[in-house]
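Peer 1: I am attaching a structure below and will ask some questions about it afterwards.
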Amino acid sequence: MGFHLPGVVPTKKFLLRSLSNSKASSSAVNVPKGHLAVYVGESKKKRFVIPVSFISHSLFQELLVQAENEYGYDHPMGGLTIPCREDMFVDLISNLNASI
């Protein structure tokens, strides 16, 4: 028995494609179960490890759409790259953590 969340299936496909395109498998390197490594920043990218539950949030979904528009499925860091300023991402993650 299951339920369907609109928008989550395309996001899951997006993440699976971007992770399968990675040149080096970062999924096993310091990423706990239930989390995802993302790279954030405009010029210098910083690695963040976030809970997978964040991907279903509408604000994070907007970032994924921006990432798809900017990078397609070929991410320069070999993992999921989010095209936004680091300080904005930290604010978003703080808000998402507070809403849990």
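Peer 1: Among (1) assigned to a loop (DSSP other than H, G, I, E, B); (2) crowded, with 17+ Cβ neighbours inside 10 Å; (3) modelled with pLDDT of 90 or more, where does P32 come up short?
Peer 2: Exception for P32: condition (2).
Peer 1: When both residues are 6+ apart or on different chains and their Cβ atoms are under 7 Å apart, which pairs have a first residue that lies in region 85-100 and is surrounded by 11 or more Cβ atoms within 10 Å (Cβ to Cβ), and a second that is among the charged types (D, E, K, R) and at pLDDT 90 or above?
Peer 2: Final answer for the pair search is E86/K46.
The values are calculated or read from the model by the stated rules, or taken from the named source; none is laboratory data. The model shown is predicted, which means the values in this text are computed figures rather than measured ones. Neighbour counts run over all protein chains shown; Cβ positions are idealised from the backbone, glycine included.
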